[in-house]
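Report on one structure; see the data block that follows.
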Amino acid sequence: MNKAQAGNLLLVLFLGLMAGAVAGVVIDRLLGTVFLSKFLFESPVNFELYIIKVEIQLTPASLIGLVASGYLALKKG
């Protein structure tokens, strides 16, 4: 796996994570539940780089999106 393929794989995994989180919130709102959009950790995981601060909070739906996008990306190769 070269650098371009690794970068594309990371991009697909990140987009799958975001798409899963959004889909989970939409499904939870439609069904009136809070299972898919419930936070897995009490506080978000944060990365602080001098000026930029990024916080990530995982949900069950985002993990499902991550696994699904990883499976599809690696299956297509």
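The values are calculated or read from the model by the stated rules, or taken from the named source; none is laboratory data. Quantities reported herein were computed from a predicted structural model and do not represent experimental measurements. Cβ atoms come from the backbone with ideal geometry, glycine included; neighbour counts cover every protein chain shown. Each accessible area value is taken on the protein alone, full model and side chains, heavy atoms only, with ligands, DNA and RNA left out. Shrake-Rupley method; radii C 1.70, N 1.55, O 1.52, S 1.80 Å.
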*Roughly how big is the chain's charge dipole about its Cα centre, with Cβ charges of +1 (Lys, Arg) and -1 (Asp, Glu), in debye to the nearest 20?*
320
*If R0 is 22 Å, what FRET efficiency do you get for residue 54 and residue 76 from their C-beta distance, rounded to 0.05?*
0.15
*Relative to the present Cα-Cα distance, how much length would full extension add between residue 46 and residue 3 at 0.36 nm per residue of separation?*
12.9 nm
*asked:* I want to check the label-to-label distance for residue 35 and residue 22. Put each point 7 Å from Cα in the C-beta direction and report it in nm to one decimal.
replied: 2.4
*In whole angstrom, and with the biggest value first, how far do the Cα coordinates of the chain range along each principal axis?*
44, 37, 15
*Can you give the accessible area of residue 53, probe radius 1.4 Å, in Å² rounded to 10?*
110
*Which whole-number percent is the relative contact order of the chain (Cα, under 8 Å, 6+ apart)?*
39
*Accessible area, 1.4 Å probe, largest first: how do 56, 64, 51 sort?*
51, 64, 56
